[in-house]
Amino acid sequence: MTFKPTLIAAALALVAGSALAQSQGVSKDTLTIGSIQDLSGPLAGFGKQVRLGMMLRVDEANEQGGINGRKIELKVEDSGYDPKKAVLAAQKLVNQDKIFAMVGHIGTAQNIAAMQVQFPKNVINFFPVTAAREMYEPFHKLKYSFAATYYDQMRLAVPKLVKEKNAKKVCTMYQDDEFGLEVKRGAEEGLKTIGMTLAEETSYKRGATDFASQMQKLSAAQCDMVVLGTIIRETIGGIATARRLGFNPTFIGSSAAYTDLIHKLGGAPMNGLYAAMTVQNPYLDESSQPIRFWANKYKTKFNEDPTVFSVYGYSAVDAFLRAAGKAGNNLTTDSFIKAMDTMVIPPDIFGAAEMTFGPQKRLGSNATRLSQLQDGRWKVVSEYMNINK
């Protein structure tokens, strides 16, 4: 049997078209991305802020004509911070809305659950808002993460602060789950590098509101530094309890405690707290003119103050658009990955560390630095610390 050249060409074109079709969410005029946020659960405040930050960057891009002539369409679903709901949200975004990538999805367990829906459909998980190692380990070609893990944050920051404060007894209070344990493990690993171990430890169950017994235990052990594997309410409750007991060690938390809510809700007793972080909280009266301009633009658009979570959303979309632009007009999952394989994302106005990616490198940076609450606002107090891997 013989085939005419025109038929062969048509068949090849059909195959090529099928290959392109594998990358859903890309049309001639539109690039559709999705995100899952907590808009109704315990982290709804954060989820709303991430969403607004994403919207701001998408609007900016579209005002400038989009990426390679394609306008960006952002679809956001609510998980209520429930992994089961995250699966349903992912199914809608992947199968119904046909998103090209999941960007800035909040929550560790929620991301892990949604990945099971995304990856069989070749949908990238890009810059999730969580500092868990699972966001880039084990290696998967569709995983891209930006944040130094809770583990790395603590193993870098704790020994540095111990030396600065000349601390003799380092202790910990941590949430009795994988998040809290990662903070504790990182602290233990960091202390090992300076020949120390945790002098005392205590934990609490998720949802706890009374920390009297924990702080009495650490006070009795004469701890002069306490590593907090806590988020918002527990950070505030733990420190406030310690102050009432006359127990005033140096407190240090992970990036989970780096939020404006700590000082807004906890007040003066929170002053002195250290937290690992990367990007600065964008105060409206920030001394940095670019941050001040950005913060006021956000405030004007959404009629509320931006937070560090607004920056996470904004920066995640910005990084995604850089890669999509670099991938060129023929945007597919494969061309996006190829672009990311040589991607360098420079430091931004918020002070994020430079990020680099490669064929086997899916974490942009493991660098972290420290901020401290001084007079009711976060102040950056260290240069970046980095782990050579």
Residues (in contact with a helix residue (DSSP H, G or I) (Cβ under 9 Å, 6 or more places away or on another chain) and over 19 Å from Leu218 (Cα atoms)) located in the range 160-176: Lys160
Going through the range 256-300 in order, the residues found to be on the phi > 0 side of the Ramachandran plot and at pLDDT below 95 are none
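Yes/no per residue for (1) within 18 Å of Lys361 (Cα to Cα); (2) more than 16 Å from the chain's Cα centre (by Cα); (3) in contact (Cβ under 8 Å) with a residue 60 or more places away in the chain; (4) open to solvent by less than 20 Å² (accessible area, probe 1.4 Å):
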| residue | (1), (2), (3), (4) |
| --- | --- |
| Glu77 | no, yes, no, no |
| Ala86 | no, yes, no, yes |
| Gln91 | no, yes, no, no |
| Ile99 | no, yes, yes, yes |
| Gly107 | no, no, yes, yes |
| Gln118 | no, yes, no, yes |
| Asn125 | yes, no, no, yes |
| Thr149 | yes, no, yes, yes |
Do we have Asn95 as free of Cβ contacts under 8 Å to residues at least 12 places away in the same chain, touching a Lys or Arg at 6+ places or on another chain (Cβ under 8 Å) and at negative phi here? no
In the range 29-67, what residues are more than 19 Å from Leu93 (Cβ to Cβ), modelled with pLDDT of 95 or more and either out of contact with any Leu (no Cβ under 7 Å at 6 or more places or on another chain) or part of a strand (DSSP E or B) (or both)? Asp29, Gln49, Leu56, Asp59, Glu60, Asn62, Glu63, Gln64, Gly65, Gly66, Ile67
When the range 255-275 is checked residue by residue, the ones that are outside any helix (DSSP H, G or I), open to solvent by less than 10 Å² (accessible area, probe 1.4 Å) and more than 17 Å from Phe46 (Cβ to Cβ) are Leu273
Filtering helices (runs of 4 or more DSSP H) wholly in the range 286-382 for at least 2 residues that are in contact with a Gly (Cβ under 6 Å, 6 or more places away or on another chain), open to solvent by less than 60 Å² (accessible area, probe 1.4 Å) and closer than 30 Å to Arg155 by Cα gives 308-327
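The values are calculated or read from the model by the stated rules, or taken from the named source; none is laboratory data. Predicted model, so just to flag it, every value in this text is computed and none were measured. Positions of Cβ are backbone-derived with ideal geometry, glycine not excepted, and every protein chain shown enters the neighbour counts. Note: accessible area is taken over every heavy atom of the protein model, side chains too, but ligands, DNA and RNA are not part of it. Shrake-Rupley method; radii C 1.70, N 1.55, O 1.52, S 1.80 Å.
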